[in-house]
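Novice: Take a look at this one; I'll ask things after.
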Amino acid sequence: MSAAILCEKWLRVVSNLSVSRKGGIAPHKPLLLLVLAELAEQGKLTEKTLPLTGELVFRFLAYGTVVAERRSQRPDIRLPFYYMRSDGCWTPLDENGQPTLERRRAVAAQLNETFLACLNDPDFRNQMRRILIAKYFIDAGERAALYQLVGLSVPPDPVVKEDARLYEAARERGREARFRLTIVPVYSYTCAFTRYRLVTVDSGSIVEAAHIHQFADSRNNHPRNGIALCKNAHWMFDEGLWSLDDDYRVLVATKRFDESGAEAFLLSPKANTRILLPADPNYWPDKAHLAWHRKHHGFESA
């Protein structure tokens with residue numbers, strides 16, 4: 001695999017770090033990566049083993065002053081140092097140089113070889129810094145301070161927004177694929193509305209994973225925000241021509257359309273029929289999402 005492809009891979013990783021978002025985006029992992037970029041720039045990051053030293057803590061705390069106003073406690077380097085393992089950048093090691101699953105025993109880290117190589121690439125470091133600052137630091141003051149700290153000029157707002165969105169589409173494609181891979185099988189590849197099932201070896205299933213609360217509004221790919229529908233039923237659902245009550249019975253907006261054709265394809269006769277539900281109730285549509293759909297399409301006031 002070429003160096004360019006590997007660096008692209010790691011830019012995707014740093015763009016999608018597993019960070020806590022409770023009470024705002026936790027800054028610890030991005031700050032630690034910015035410290036590593038500085039060490040690499042100074043030629044101090046050449047070995048695969050990264051020890052947890054006083055120098056590393058000093059640099060991390062210095063970067064941490066940028067977010068001091070919104071963090072009531074001094075940042076603890078042990079948290080990102082250990083939990084970066086979940087992003088694949090390195091493996092925490094104990095005092096014997098062995099991988100450890102105990103945070104308190106992590107005294108060093110074994111860097112992924114390809115990640116280390118990318119950190120020592122000036123173009124990668126520049127892109128990584130821009131992504132980290134734009135994506136994980138919302139406050140304009142914090143951003144300005146970090147751009148100054150890493151030696152970058154503050155980009156115009158459109159550039160910052162573009163940096164923050166880098167690789168967002170790829171991540172959403174992955175989430176959307178996982179959403180479909182979860183929803184369609186639990187409905188046994190069958191449309192919940194028509195109960196029609198068709199699976200082929202060429203194109204897979206005729207049904208799609210439909211969001212109940214629009215993804216553009218909710219950004220929610222939880223399985224209980226989904227329902228398996230064939231294309232016609234999906235389109236009619238998104239258009240608000242039908243919805244569901246809390247007992248999973250079909251509500252039809254009869255005044256909003258005119259239809260004709262074979263009865264099996266008609267919408268009106270489906271009124272008050274109960275949809276097909278997964279065998280596992282844990283995957284039944286969430287009633288809060290159903291309430292949103294009804295309200296959004298005017299069923300609550302009908």
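Novice: Using the structure shown, decide if residue 26 is under 19 Å from residue 139 (Cβ atoms), small (Gly, Ala, Ser) and assigned by TED's automatic domain parsing to the domain that holds residue 131. Working first, answer last.
Specialist: Values: under 19 Å from residue 139 (Cβ atoms): yes; small (Gly, Ala, Ser): yes; assigned by TED's automatic domain parsing to the domain that holds residue 131: yes.
Spelling it out, residue 26 is indeed under 19 Å from residue 139 (Cβ atoms), small (Gly, Ala, Ser) and assigned by TED's automatic domain parsing to the domain that holds residue 131.
Novice: Next up: Confirm whether residue 183 is β-branched (Val, Ile, Thr) and over 30 Å from residue 40 (Cα atoms). If you could, list the steps in order and put the result at the bottom.
Specialist: Numbers: β-branched (Val, Ile, Thr): yes; over 30 Å from residue 40 (Cα atoms): yes.
When the stated conditions are applied, residue 183 passes them.
Novice: Residue by residue through the stretch 195-232, note down the ones that are of a type in the set (Lys, Arg) and outside any strand (DSSP E or B). Don't jump to the end; show me each part of the working.
Specialist: Narrowing the stretch 195-232 to residues of a type in the set (Lys, Arg): 195, 197, 219, 224, 231.
If the condition is that a residue be of a type in the set (Lys, Arg) and outside any strand (DSSP E or B), then 195, 219, 224, 231 are the ones that fit.
Novice: Restricting attention to the stretch 127-176, which residues are farther than 30 Å from residue 223 by Cβ, at pLDDT below 90 and of a type in the set (Ser, Thr, Tyr)?
Specialist: Correct list: 153 only.
Novice: Would you check which residues across the stretch 132-164 are free of Cβ contacts under 8 Å to residues at least 60 places away in the same chain, among the basic types (Lys, Arg) and within 20 Å of residue 20 (Cα to Cα) and list them?
Specialist: Result: 143, single match.
Novice: For residues that are assigned to a helix (DSSP H, G or I) and in contact (Cβ under 8 Å) with a residue 24 or more places away in the chain, scanning just the stretch 265-281, find the one that is farthest from residue 192 (Cα to Cα).
Specialist: Of the residues in the stretch 265-281, the ones assigned to a helix (DSSP H, G or I) are 265, 268-270, 281.
Pick out the ones that are also in contact (Cβ under 8 Å) with a residue 24 or more places away in the chain and you get 265, 270.
Working: 265: 14, 270: 12 Å.
For the stretch 265-281, the residue satisfying everything is 265.
Novice: I've got another one for you. Just checking, which of 235, 292 is in a helix (DSSP H, G or I) and either in contact with a Cys (Cβ under 7 Å, 6 or more places away or on another chain) or in contact (Cβ under 8 Å) with a residue 60 or more places away in the chain (or both)? Break it down stepwise before answering.
Specialist: Details: 235 fails: either in contact with a Cys (Cβ under 7 Å, 6 or more places away or on another chain) or in contact (Cβ under 8 Å) with a residue 60 or more places away in the chain (or both).
Of the residues listed, the single one that is in a helix (DSSP H, G or I) and either in contact with a Cys (Cβ under 7 Å, 6 or more places away or on another chain) or in contact (Cβ under 8 Å) with a residue 60 or more places away in the chain (or both) is 292.
The values are calculated or read from the model by the stated rules, or taken from the named source; none is laboratory data. These numbers were taken from a predicted model, which means no experiment stands behind them. Methodologically, a virtual Cβ is constructed for each residue, glycine included, from the backbone with ideal geometry; neighbour enumeration extends over all protein chains shown.
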